[in-house]
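Visitor: Okay, handing you the structure first.
The values are calculated or read from the model by the stated rules, or taken from the named source; none is laboratory data. Keep in mind that what you see is a predicted model, and the values were worked out from it rather than measured. Because the Cβ atoms are built from the backbone with ideal geometry, glycine has one as well, and the counts that use them run over all protein chains shown.
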Amino acid sequence: MSRAAAFVATIVAVAVVAGLVAILPQLVNDYIVRVVIVMCISGVLVASMGLGNGFTGVFSLGHVGFVAVGAYVSGILSLSQAAKHSYLPDLPGWLSGITLPFLPATIVAGLVCVVLALVVGAPLMRLSGYFVSVATLGFLIIVNVVLINAVDFTRGARTFTGVPLETTLRWAAGWLVVTVIVLARVVYSPTGRRYLSVREDVIAARAVGIKVLPARLSAFTLGAFFAGVGGSLYGHYLGSFSPASFYMAYTFALISMLVIGGMQSISGALVGVVVVTVLSEVLRNLERGLDFGAFAIPPLYGASQIVLGIIFILIMIFRPSGIMGDREFGLGRFVKRKRA
Amino acid sequence: MSIAASDGTGTLLETRGLTKAFRSLVALKNHEIIVRPREIVGVIGPNGSGKSTFFNVVTGFQRPNAGSVTFAGEPIERMAAADIVRLGIARTFQGTRLLKALTVEENVRAAAQLRHPSGMFDALLGTPRLHAAARATDAITDELLDLVGLTARAGTRASELAYGDQRRLELIRALATRPRLLMLDEPAAGMDSTETRGILDLIRLIRDRYGVAIIVVEHDMDLIMNLCERIQVLAYGERIFEGTPAEVQANPQVREVYLGHA
């Protein structure tokens, strides 16, 4: 597909999303709008995790570490002066004196994660396979421990609160669109071809002149930027959170979305987010019990988790590379055709 | 960069005293070879004679314990594999190493884009550099796919190709990096005599059309004797003989060590 067609496709896709965002709150209730916001945030996080984990084949368990950093950094930056005085009285002067609006706070959060990813990735991206998974898990643990102990900045294990609730549907959907466009442009470019080559066969990649570490590190770093952005979105959606909000449970939730959707395509990441979120919400509502008049399903608390687990197992048995595998639809396909 | 070697008379590749040991096993011992531009040189020897170690050391996949490798006037024995490719040595592997899940054309593009670099910001911003690089990469890819008759299979996953086509794909992928020296590790392994004949013609054509020097490791004696202008014989990591195909066939020591009859 030509450059012009790809451009038109992008414009159309953005217009459709903008239209949906505009009319959705009129069509459905507040609960569904909130679910859609969470899906957009998860989309940012899972798609950016797929960049490293799926496209370069470096299966990191540390993504949520960057999400946590993003949430705390942007949270500290956007806390009002009054909130800083009451919740974080020991914050250094240069930090307690500033309050940034949502957008710059989010971008700074992403950039802090970029710097952190370069520092952490330089040694870790030399590892492959299980080693890099365990090592990045170590990064997640370190972030968690630092957050708990940096009491002056984070209130430690106590809830960090007072973050303005600014993540509207528009912000979340807007950042999702930005994330998908950026990732698609990079993945389906010569740079993305280096990522895939490194994933497929490190030795073959080196034999055609591709340097493994820079390829992995650039994907890890770009992924970390959007992890930081997503963390800021999530923080400004929740308003209050603690280090425990960004730890193992959240890591595995995001990974299951990525793996179920298919981690070798951006579409797969998004499909995984929608499938897992919708299934969880539907099952969670079902387990409260149903009354059809003639017969009733009694409440079965906890059953949703079991059903969800079984569905995960079935998908992995019948579609081991996820629902989408390495296929893209819509925008991704237009960008992929005959480009670069 | 010294290009003195490119005039067709100088030395393109030279190893001196090249030694590589794995614990107590000396895989390559005081190896020496000189390859000139546009030459086709064969390296033969029984299994374990050091042929693959020689390839790996020259192409930067293994570090030598001693000795030097000079390519186009530059010492490369400490250089990373990717940098050596950039300098102009490309290789294939025994039994092929393709990017299996990628299509045939993507395999070639991954190599061709080496000479037309573009980065993440080019991709993000859609710079003129990105589009120029894409056009150049596509042009090389189309030309090379056509060279080996894989144009119709451009969109096929590499893993779905027949074995002979996989070998041809790996060959043009190496060529797509625009090497001055091409090192082929058993290009005809597992091929029947018709296919071997085709590979022989292809290697010659590649040398004539692209002006590259070629080193071939191969067990197929017909291929080696018909293709190479010069042959080096290795045994136990050492060079035991070097000469024209006729000289190699006539040498009693070579016959004893390698051809298996005195």
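Visitor: Could you list all residues from the stretch B:21-64 that are closer than 21 Å to B:E218 by Cα and of a type in the set (K, R)?
Guide: Within the stretch B:21-64, B:K29, B:R36, B:R38, B:K51 qualify.
Visitor: Does at least one position in the stretch B:25-32 carry a residue that is at pLDDT below 95 and over 21 Å from B:I231 (Cα atoms)?
Guide: yes
Visitor: Quick one: is A:L77 touching a helix residue (DSSP H, G or I) at 6+ places or on another chain (Cβ under 6 Å), among the aliphatic types (A, V, I, L, M), buried (at least 16 other Cβ atoms within 10 Å of the Cβ) and free of Cβ contacts under 8 Å to residues at least 40 places away in the same chain?
Guide: The answer is yes for A:L77.
Let's see how each residue does on (1) in a loop (DSSP other than H, G, I, E, B); (2) more than 14 Å from chain B (Cβ to nearest Cβ); (3) touching an Asp or Glu at 6+ places or on another chain (Cβ under 8 Å); (4) farther than 30 Å from A:P89 by Cβ:
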site	(1), (2), (3), (4)
A:I181	no, no, no, yes
A:P214	no, no, no, yes
A:F225	no, no, no, yes
A:S232	no, yes, no, no
A:A249	no, yes, no, yes
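Visitor: May I pose another question? Just to be sure before I move on: is B:R86 part of a helix (DSSP H, G or I), surrounded by 15 or more Cβ atoms within 10 Å (Cβ to Cβ) and touching a Ser or Thr at 6+ places or on another chain (Cβ under 9 Å) in the structure I sent?
Guide: Yes, satisfied.
Visitor: Here is a further query. Checking the structure you have, find out if any residue of the stretch B:154-172 is without any contact (Cβ under 8 Å) to a residue 40 or more places away in the chain, buried (at least 23 other Cβ atoms within 10 Å of the Cβ) and part of a loop (DSSP other than H, G, I, E, B).
Guide: No, the stretch B:154-172 has no match at all.
Visitor: Limited to the stretch B:117-171, what total is found for residues that are in contact with a Leu (Cβ under 8 Å, 6 or more places away or on another chain) and within 21 Å of A:Y195 (Cα to Cα)?
Guide: Adding up the residues that qualify gives 10.
Visitor: List pairs: first in the stretch B:101-114 and over 19 Å from B:G149 (Cα atoms) and within 7 Å of chain A (Cβ to nearest Cβ), second surrounded by fewer than 24 Cβ atoms within 10 Å (Cβ to Cβ) and of a type in the set (A, V, I, L, M), Cβ under 6 Å, 6+ apart or cross-chain?
Guide: none
Matching residues to (1) surrounded by fewer than 16 Cβ atoms within 10 Å (Cβ to Cβ); (2) more than 31 Å from the chain's Cα centre (by Cα); (3) among the charged types (D, E, K, R); (4) under 21 Å from A:L45 (Cβ atoms):
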| site | (1), (2), (3), (4) |
| --- | --- |
| A:T277 | no, no, no, yes |
| A:L283 | no, no, no, no |
| A:G289 | yes, yes, no, no |
| A:F292 | yes, yes, no, no |
| A:P299 | yes, yes, no, no |
| A:G309 | yes, no, no, no |
| A:I315 | no, no, no, yes |
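Visitor: Turning to a different aspect of this structure: Does the stretch B:9-19 contain at least one residue that is within 14 Å of chain A (Cβ to nearest Cβ), within 21 Å of B:I214 (Cβ to Cβ) and touching a residue at least 24 places away in the same chain (Cβ under 8 Å)?
Guide: no
Visitor: Can you tell me which residues in the stretch B:203-252 are surrounded by fewer than 23 Cβ atoms within 10 Å (Cβ to Cβ) and touching a Phe, Trp or Tyr at 6+ places or on another chain (Cβ under 6 Å)?
Guide: Passing the criteria: only B:N251.
Visitor: Here's a follow-up. Quick check on my filter: what residues within the stretch B:206-223 are more than 16 Å from B:T92 (Cβ to Cβ) and either out of contact with any Ser or Thr (no Cβ under 8 Å at 6 or more places or on another chain) or assigned to a loop (DSSP other than H, G, I, E, B) (or both)?
Guide: B:D208, B:R209, B:G211, B:M221
Visitor: Looking at the stretch A:185-211, which of its residues are at the interface with chain B (Cβ under 7 Å from one of its Cβ atoms), part of a helix (DSSP H, G or I) and within 18 Å of B:R97 (Cβ to Cβ)?
Guide: Across the stretch A:185-211, the qualifying residues are A:R193, A:L196, A:S197, A:E200, A:I203, A:A204, A:R206, A:A207.
Visitor: Taking the residues in the stretch A:87-109 that are touching a residue at least 60 places away in the same chain (Cβ under 8 Å) and part of a helix (DSSP H, G or I) as candidates, determine which candidate is nearest to A:V151 (Cα to Cα).
Guide: A:Y87
Visitor: Select, from B:A158, B:A139, B:A132, B:A101, the only residue that is of a type outside the set (D, E, K, R) and within 21 Å of the chain's Cα centre (by Cα).
Guide: B:A158
Visitor: Please specify each residue of the stretch B:130-153 satisfying the condition of being of a type in the set (A, V, I, L, M, F, W, C) and either more than 10 Å from chain A (Cβ to nearest Cβ) or not in a helix (DSSP H, G or I) (or both).
Guide: B:A132, B:A136, B:A139, B:I140, B:L144, B:L145, B:L147, B:V148, B:L150, B:A152, listed by residue number.
Visitor: What residue, among those in the stretch B:66-100 that are over 19 Å from B:I206 (Cβ atoms), touching a Leu at 6+ places or on another chain (Cβ under 9 Å) and of a type outside the set (A, V, I, L, M, F, W, C), is nearest to the other protein chains (Cβ to nearest Cβ)?
Guide: Filtering first and then ranking leaves B:R86.
Visitor: Now for a separate question. Going by what's in this entry, would B:V41 be described as touching a residue at least 60 places away in the same chain (Cβ under 8 Å) and either more than 11 Å from every other protein chain (Cβ to nearest Cβ) or over 30 Å from B:L150 (Cβ atoms) (or both)?
Guide: yes
Visitor: So, in the stretch A:110-162, of the ones that are within 22 Å of A:G54 (Cβ to Cβ), in a loop (DSSP other than H, G, I, E, B) and hydrophobic (A, V, I, L, M, F, W, C), which residue ends up modelled with the lowest pLDDT?
Guide: A:L127
Residues are listed down the side, and each one gets a yes or a no for (1) at negative phi; (2) at pLDDT below 90; (3) surrounded by 17 or more Cβ atoms within 10 Å (Cβ to Cβ):
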| position | (1), (2), (3) |
| --- | --- |
| A:Y234 | yes, no, yes |
| A:P243 | yes, no, yes |
| A:F252 | yes, no, no |
| A:L286 | yes, yes, no |
| A:A303 | yes, yes, no |
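Visitor: Which members of the stretch A:145-165 meet the condition of being aliphatic (A, V, I, L, M) and either loosely packed, with under 15 Cβ neighbours inside 10 Å or touching a Phe, Trp or Tyr at 6+ places or on another chain (Cβ under 9 Å) (or both)?
Guide: A:V145, A:L147, A:A150, A:V151, A:A157, A:V163, A:L165
Visitor: I want to confirm something. Restricting to the stretch B:119-129 and keeping residues that are at the interface with chain A (Cβ under 7 Å from one of its Cβ atoms) and surrounded by fewer than 21 Cβ atoms within 10 Å (Cβ to Cβ), which single residue is nearest to the chain's Cα centre (by Cα)?
Guide: Of everything passing the filter in the stretch B:119-129, B:G119 is nearest to the chain's Cα centre (by Cα).
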